[in-house]
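J.: Sharing a structure with you now.
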Amino acid sequence: MVRYVVWIPVVVTVVAATLVLVNPVAAQSTVDSLTESFELSNAQALVTACTVPADSSLYQTAKGFCLGYMTGAMQLYRAAAASPNVKNFVCPAHAVSRADMRAVFLEWAAANPQRLSEPAIDSLLRAAVAKFPCK
């Protein structure tokens, strides 16, 4: 995990420097907004990172961050669920890809805007439980 945390500021700095050369005012506003979403202060920040338009110069960075977050959350859940002391609470009938989980989260977020001020991980888990409940 530490390796990725170290790279986030580097990637943001490189993107910011590139954008400032193109359009300093718009670039700073966009970079500030995306940089804030990388801190994941809440679920809205994860929505922001996961919905950067494909034509944005920040798209690849944001997509990597979003899918990386999905990967980490999914791996953490799988590791916890493997413990005999943890009861499963997410039970998909099939393998769920990172892109699938992103779509599940964004659909849930659109239907539950009142919960977007909650921590990102809480909202991601709520989305997974709603979509893949255990019977």
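The values are calculated or read from the model by the stated rules, or taken from the named source; none is laboratory data. All values reported here derive from a predicted model rather than from experimental measurement. Here the Cβ is made from the backbone with ideal geometry for all residues, glycine too, and neighbour counts use every protein chain on show.
J.: So is Ala103 of a type in the set (A, V, I, L, M) and loosely packed, with under 12 Cβ neighbours inside 10 Å or not? Spell out the reasoning first.
T.: Details: of a type in the set (A, V, I, L, M): yes; loosely packed, with under 12 Cβ neighbours inside 10 Å: no.
Here the answer is no, as Ala103 does not meet what is asked.
J.: Kindly indicate the residue of the stretch 104-135 that is of a type in the set (Gly, Ala, Ser) and in contact (Cβ under 8 Å) with a residue 12 or more places away in the chain and also nearest to Ala43 (Cα to Cα) among those meeting that condition. Give the derivation first.
T.: Taking the stretch 104-135 as the starting set, the residues that turn out to be of a type in the set (Gly, Ala, Ser) are 109-111, 117, 120, 123, 127-128, 130.
Of the ones still in play, those that are also in contact (Cβ under 8 Å) with a residue 12 or more places away in the chain are 109, 117, 120, 123, 127-128, 130.
Working: Ala109: 8, Ser117: 6, Ala120: 4, Ser123: 6, Ala127: 11, Ala128: 14, Ala130: 16 Å.
It comes out as Ala120.
J.: Could you please find all residues in the stretch 71-92 being loosely packed, with under 11 Cβ neighbours inside 10 Å and either farther than 16 Å from Val129 by Cα or touching a strand residue (DSSP E or B) at 6+ places or on another chain (Cβ under 9 Å) (or both)?
T.: Scanning the stretch 71-92 gives Ala79, Ala82, Ser83, Pro84, Asn85.
J.: I've got another one for you. Evaluate the stretch 20-28: report whether one residue or more is assigned to a helix (DSSP H, G or I) and modelled with pLDDT of 85 or more.
T.: No, that holds for no residue.
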